[in-house]
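Contents: one structure, followed by commentary.
The values are calculated or read from the model by the stated rules, or taken from the named source; none is laboratory data. It should be emphasised that the depicted structure is a prediction, and the values quoted were computed from it without experimental measurement. Virtual Cβ from ideal backbone geometry, glycine too; neighbours counted across all protein chains shown. Note: areas computed on protein heavy atoms with side chains; ligands, DNA, RNA excluded. Shrake-Rupley method; radii C 1.70, N 1.55, O 1.52, S 1.80 Å.
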Amino acid sequence: MDKNLIQRTISGIVYVAIIILCSTPLGAQLLNNIVPGLIKQQYLYHGLMSLLLIVGTWECVKIMKFGNGYEKWVVYPLVIFIFYMFSKRYFNHDFFFDFRLSEILALALIGIAVVTLFKYPNELYFDSGKLIFTVIYVALPFSFALGLPKFSSYSDSFSLEVLFLFILIWSSDTFAYLVGKFFGKHKMAPKISPKKTWEGYAGGVVLTLVLSYFIEHYQPELRGNWMVVGFLVAAFAPLGDLVESQLKRNFGVKDSGNIIPGHGGVLDRLDSFIICVPVVYLYFILEKFI
């Protein structure tokens, strides 16, 4: 058997296992069976998002090839500060239960950053532009991700929104790849991602919606309508891949890193997650007012 395939399989299993353990009550249950009362699930989840945030920031700095100016040293404290401010609301558990203008502004900044990457890439060749883009592209999505699950500080409850978001993203990527491989003829963005096709995109949308139907039917306690979430994921997950591909293309980089052997870096694995989280978060906000 191909050694690279074995490596990819093992690292993929470890990656999925970590996601499951940190985004469901299973992780805390296993640890608390060893040492009773050791940890609550929300701390495991926060720890995972913190790790992904730091590694993602490091990879983004490396991809964009920061100079030796102050921006390279300011980016980490600024990213951590923004994440800390979101974390305070998360653990006070008022994160998701009111409408704040600052959240809408932050969501709008993500859209502006994406437009800048595709339409005005020259702005990102200055260290000040690299600093702003890194903070928006990495800090804000992982910060918003903190508000997706519901939990109680007085019990062991921890909802599964993030787990099913990952499942939908994985299904969208997998179905789009398979449909595109066997039926794809029309390239979606040949200069950015030559393997993506419109047929694959359509297949990803349809098959992810089918999976979303079963999630909505069998997981009624989840926030929002998961047929809508599934459509949003299928529609925007490919954009996440294109955003990261364009970022690497602009700076002549193949992979964001090698922390996941055979799969690349955190940004390579979570490019769709980074774009889908703000979109799903915005839907959950709007869904409260409908």
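For a label point 7 Å from the Cα of Met227 along Cα→C-beta, name the residues of the range 176-220 whose backbone N is under 13 Å from it. Those under the cut-off are 209-218.
Give me the percent relative contact order of the range 82-227, please, defined on Cα pairs under 8 angstrom at least 6 residues apart. Relative contact order, the range 82-227: 17 percent.
In the context of the full set of protein chains, the range 213-261 has a per residue accessible area of 47 Å² (1.4 Å probe).
Sorted largest first by accessible area at a 1.4 angstrom probe radius, with every protein chain in place, the residues Val114, Val280 fall in the order Val114, Val280. Solvent-accessible area of the chain (1.4 angstrom probe, protein heavy atoms only): carbon and sulfur portion equals 68 percent.
Straight-line cross-link reach from Lys65 at under 18 Å between alpha-carbon atoms covers these lysines, not counting any fewer than eight positions away in the same chain: Lys130, Lys248, Lys254. Sorted on the mean count of surrounding Cβ atoms within 10 Å across their residues, most packed first, peptides 14-20, 168-174 read 168-174, 14-20. Taking every protein chain into account, the 1.4 Å probe leaves Lys88 with about 90 Å² of accessible area, to the nearest ten. Per-residue SASA remark: Cys22, around 20 Å² accessible (1.4 Å probe; ligands, DNA and RNA not included). Accessible area ranking (1.4 Å probe, heavy atoms, ligands and nucleic acids excluded), largest first, for Lys40, Lys195: Lys195, Lys40.
From most to least packed by mean Cβ count within 10 Å, the peptides 205-217, 128-140 give 128-140, 205-217. Looking at the range 4-110, the accessible area is 55 square angstrom per residue; that uses a 1.4 Å probe and ignores ligands, DNA and RNA.
A simple count of charges around Leu282, restricted to other residues whose Cβ falls under 12 Å of its Cβ and scoring Lys, Arg +1 and Asp, Glu -1, yields -1. Counted residue by residue at 0.36 nm each, then reduced by the alpha carbon distance between them, the extension gain from Ser102 to Gln219 reaches 39.0 nm. Estimated at 0.36 nm per residue, the fully extended path between Asp156 and Phe183 surpasses their Cα-Cα distance by 5.1 nm. The distance linking the range 144-173 with the range 213-285 is 13 Å (Cα centroid to Cα centroid, whole angstrom).
Dividing the mean sequence gap of close Cα pairs (under 8 Å, 6+ apart) by how many residues the chain holds gives a relative contact order of 22 percent. In this view, the solvent-accessible surface of Ser245, computed with a 1.4 Å probe and all protein chains in place, comes to about 20 Å².
Going from most exposed to least, what order do Arg89, Arg100, Arg249 have by accessible area with a 1.4 Å probe?
Most to least solvent-accessible, the answer reads Arg249, Arg100, Arg89.
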